[in-house]
1. Would you mind telling me the share, in percent, of accessible area of the chain contributed by carbon and sulfur at probe 1.4 angstrom?
2. Given Cβ point charges of +1 (Lys, Arg) and -1 (Asp, Glu) and nothing else, what value in debye, to the nearest 20, does the dipole of region 25-84 about its Cα centre take?
3. Among Glu143, Glu77, Glu24, which one shows the highest mean-square fluctuation when the chain is modelled as a Gaussian network with alpha-carbon springs under 10 Å?
4. Can you compute the charge dipole magnitude of the chain about its Cα centre, using +1 on each Lys and Arg Cβ and -1 on each Asp and Glu Cβ, nothing else charged? Give it in debye, rounded to the nearest 20.
5. So with the 1.4 Å probe, I'd like the accessible area per residue for region 28-71, rounded to whole Å².
6. How much length would be gained if the chain were fully extended between Asp58 and Leu124, taking 0.36 nm per residue of separation minus their Cα-Cα distance, in nm to one decimal?
7. Accessible area, 1.4 Å probe, largest first: how do Ser141, Ser154, Ser23 sort?
8. Test of understanding: what is the full-extension gain from Met106 to Lys70, defined as 0.36 nm times their sequence separation minus their Cα-Cα distance?
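The values are calculated or read from the model by the stated rules, or taken from the named source; none is laboratory data. Here the structure is a predicted model, which is why all the values come from computation and not from measurement. Here the Cβ positions follow ideal geometry from the backbone for every residue, glycine too, while neighbour counts run over all protein chains shown. The area values use the complete protein model at the heavy-atom level, side chains included, leaving out ligands, DNA and RNA. Shrake-Rupley method; radii C 1.70, N 1.55, O 1.52, S 1.80 Å.
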Amino acid sequence: MKMNEDIPERSEFDSVDPAPPSSERSVADLRTILCNENEKMFQRMRALFALRNIGGTDSVDALAAAYDSKSALLKHEIAYVMGQMQDPHAVPHLIERLEDREEDVMVRHEAAEALGAIGDRTALDVLERFVDDDEVVIAESCEVALDLLEWVASKRLDYSE
């Protein structure tokens, strides 16, 4: 059966990504591409998704290094893939983004939701602290993240109870 070339490929994370992952396998080289402000955003996104697919603490650290980027879009996507990876090593990096009130609200919101997706209870206090944030998007994201964190942590299949 031939795949329809008009339909984007789904990742192993069951998402349709805005760019295909790079074929590069060196975490160091991918980090360089991701952190290069002069690189085209498409190539930076390809590096980001390759790092997500490789996984592990070195990949998480490479992703976190790009939080120094000027691009809120890129930083938002980094938080999103950290949530997909569900690696507890990402928790301190995501907490730092959420706590940074100078950070773009889109990045802070995604960091909160990624903390919920990881399901590590060490994020509980910070999520509870921001559930009443002045930024409604942050408050609502923390509310969702708290519920998601409990669901992921409990590993229940049916959360409708």
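1. On the way: 4430 of 9040 Å².
Carbon-and-sulfur percentage of accessible area, whole number: 49.
2. Numbers: 8 positive and 7 negative charges, 38 e Å.
Result for region 25-84 is approximately 180 debye, rounded to the nearest 20.
3. Among Glu143, Glu77, Glu24, the largest GNM mean-square fluctuation belongs to Glu24.
4. 740
5. Details: 2040 Å² over 44 residues.
Dividing the accessible area of region 28-71 by its residue count gives 46 Å².
6. Numbers: separation 66, 0.36 × 66 = 23.76 nm, distance 2.46 nm.
Residue separation times 0.36 nm, minus the Cα-Cα distance, leaves 21.3 nm.
7. Values: Ser141 5, Ser154 55, Ser23 100 Å².
Largest accessible area first, the residues go Ser23, Ser154, Ser141.
8. Details: separation 36, 0.36 × 36 = 12.96 nm, distance 1.33 nm.
Answer, rounded to one decimal: 11.6 nm.
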